[in-house]
Amino acid sequence: MSAASECLGCLASYLPHTKLTRVQESVIPTIMQSDINIVVAAPTGSGKTALLEAAMLRLFKGRLSPKPSESEAAIPLLAAEDAAAIVSDAPSLPRGLDRRKAVYICPMKALAFEKFTQWQERFPLLKVTMETGDQESVWATSTTALNVSDADIIITTPERWDGITRRWKEGVVWELVASVALLMLDEVHTVSEERGAVLEAVVSRMKAIKLSIVSRRPNSNTTRFVAISGTLPNVEDFAEWLQVPPAGVFTFTSADRPLPLTLHVVSYASTSNNPFAFDRFLSFKLFGLVRRFSEGRPTLVFCASRSEAINSARRIIEDLRDLAVREGCEQRLRASDGAEHMASLANDKQLRSMLLLGIAYHHAAMTMSDRNLVERMFKEHYISVICTTTTLALGVNLPAHLVIVKGTTFFKNGNREDLPLSEVAQMSGRAGRPGLDTHGIALVLTTDDKAHLYQPLQHGDSSTCVESRLHQNMVEHVNAEVALPTIHNFSLGVEWIKTTFLWIRLQRCPRHYGILFRTKEEELKFDREKFAVELMHRMLGELESHGCITVRRDSLLPPGCDGHENDARSQLRESGDFNENVMGHARCTVECTHVGRAMARRYIQLKTVEVLNKEVLGQNPQYHDRGEGASQEGKVVTTNGESGTLYDGKEKKASKAFTLADVLRILSSCSEFGDIRLRQGDRKHLNEL
């Protein structure tokens, strides 16, 4: 018996496979024999999910083992009276809510749903709850709060956990976060993506909660972090950020995959500067490549966009039909009775016709039922090829024998950019089905002039460092911390930056964050503390200028100067201790306004606050002096004469009414709706409206 199997003991039956991979054999003993933080960088398909499950087995072993563990019963995460002592206004934890919980954070709702379904079945003795924002519009409703508080395992996304923990010092939320003993971070490398700032802010907040508990009760068991990723070249930076000791850091290479992967970079001459023309050219290559390399086994084709996924599936079907006509075997294209029945369940007519031929497309704009249907038919071998976007690259367990990356560029903010090596490695890692294949094959299709960028992947090298995106999306997160208030003066704001992944990477690679140096010597002398001070000064200044926070510079004045503030200011200016434009003084305090609190509570972006301020103050200039702006309640007049309310918690009414058309126009200008696209299943409902 291996060391890992011995550590698991009777709990091994909860894992999906009896035969452990090399990665699992190496990491599970540390997970099961200690409570240290863990970070694992291992190739896709090497069994990383089982490591998270092992961490849950350790946490809940007292309830899952045939014989209860004495240590489980003896050491609760946090006694109710201790929890109340940490947050002065927090109520005592009700009986039953102080039991330990596990929180799993992943980047996609599709992945969250997959884990929810799997873990409900795998852990019948535990209560598993999914919180992605689709279940309830307001988390604080009593039913939803009870469901989450009673759960043993909470499955969520960074945005949803951010929204919940922005209120962690309040009673019902404090009861929840104080009982989180295990925080599992899947695909942790996504901190480098556009949404990555949310994950970074959430982890930093959980670190603050952990520190708060430990500082008041040094002997308390607090939150354990377990982070996994398929592409994490700078794993040591994540170890520092997540406070992982050397014994908890594990790095593996492509040689540690349970199945070997053969990767080919296939390049073609591009005679046009039009990327769409090259995409169309590659579409005509797909069918031949599938026939040559798939060996009749399942294939995933990753495409740059949703339209490309659909067009690629169409092209494969046309080539398939042409081949059948040429060889006189059209009858072989007839679907089985089982395939016909399952295809009839599709909502989308175009998808339905493709499923009958064993081909499908898959992207985030499809209805959930259609996506689930495609995944199920692929797993049950009714379809052999799926053309998809990156939805299936991040975590969703749908391996194939052959993976084709169709093109290595994608659109971002209106520009065509090269795919990072890490993303191509993530897609390629889907090749190879444990238990069904002896190897996997991946083809990366690109232009001749880009081939050299991806050839290192043929040798298992995807070493592009993961960087932070927090500096590009920081202002909303700073506002949330001021609203808590984790940040109530400038110094605490700078300390908050020091809890982030950005702080780690500033030391390693300052040039990435827009800092220019004339010489190498100047770069070596870079002072990240000074940079953090300037960055926080800019963030707070921006929030202040939009009415989200107030900066109390008067707190610098000495006591007993009421009525003589101007004289006191003059004396401080002469001494150099007072500057109207500098917030960095230790005694200068910050706090949220009504606008800032609404922004934090309702998860509103600063650009939207700008829009709302402009509209409210434009309609009602008298609020300029009152500093109410977007926090003001305004009356809304609908087209049929009925009235409603534009509400934000104040008693006054705006003197000029907003019509329903005004409200719809304003809402359509809000940046939160910028990424929303029309889904195929939405057309019918919108037409009815």
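Quick look at the values:
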quantity	calculated
Out-of-range pairs (alpha-carbon distance over 25 Å; input Lys48/Lys379; Lys109/Lys614; Lys127/Lys684; Lys210/Lys530; Lys169/Lys207)	Lys109/Lys614; Lys127/Lys684; Lys210/Lys530
Residue-wise HN-Hα coupling along region 357-372, computed from phi with Karplus coefficients 6.51, -1.76, 1.60 (Hz; x: Gly, Pro)	9, x, 10, 8, 10, 8, 7, 5, 7, 6, 5, 4, 5, 5, 4, 5
Added length on full extension, which subtracts the Cα-Cα distance from 0.36 nm per residue, Thr271 to His488	72.3 nm
Gain upon complete extension [Thr262, Asp418; 0.36 nm per residue less C-alpha separation]	53.9 nm
Rounded to 5, percent antiparallel among DSSP beta bridges of region 319-449	30
Residues of region 343-378 with amide N under 20 Å of the 7 Å Cα→Cβ point at Leu686	347-351, 362-371
Extension gain, Ser307 back to Asp150 (0.36 nm per residue minus Cα-Cα distance, nm)	52.3 nm
Trypsin sites (Lys or Arg not before Pro) restricted to region 318-421 and DSSP loop, no more than 14 other C-beta within 10 Å	Arg334
Note, ³J(HN,Hα) from phi for region 340-345, Karplus 6.51, -1.76, 1.60, rounded to Hz, x at Gly and Pro	4, 5, 5, 4, 5, 7
Förster radius 56 Å - calculated FRET efficiency between Ser336 and Asn221 (Cβ-Cβ, nearest 0.05)	0.55
Under 5 Å, built H, 5+ apart or other chain: amide partners of Leu183	Val103, Arg224, Phe225, Val226
Cut-off under 5 Å, modelled amide H: who pairs with Ile404 long-range	Leu300, Val301, Phe302, Leu443
Loop-located GluC sites (Glu not before Pro) in region 176-266, at most 14 other Cβ atoms within 10 Å (DSSP)	Glu194
Integer Hz, Karplus 6.51/-1.76/1.60 couplings in order for region 148-164, x for Gly and Pro	6, 5, 7, 6, 8, 10, 10, 9, 8, 10, x, 5, 6, 5, 4, x, 6
Interchain or long-range residues, amide H under 5 Å from Arg552's placed H	Thr589, Val590, Glu591
Within region 282-344, GluC sites (Glu not before Pro) in DSSP loop having at most 14 other beta-carbon neighbours inside 10 Å	Glu295
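Throughout, read-outs are computed from the coordinates displayed, never taken from laboratory work. In this text the structure is predicted, and so the values were computed from the model without any measurement. With ideal geometry, Cβ positions are generated from the backbone for all residues, glycine too; neighbour counts draw on all protein chains shown.
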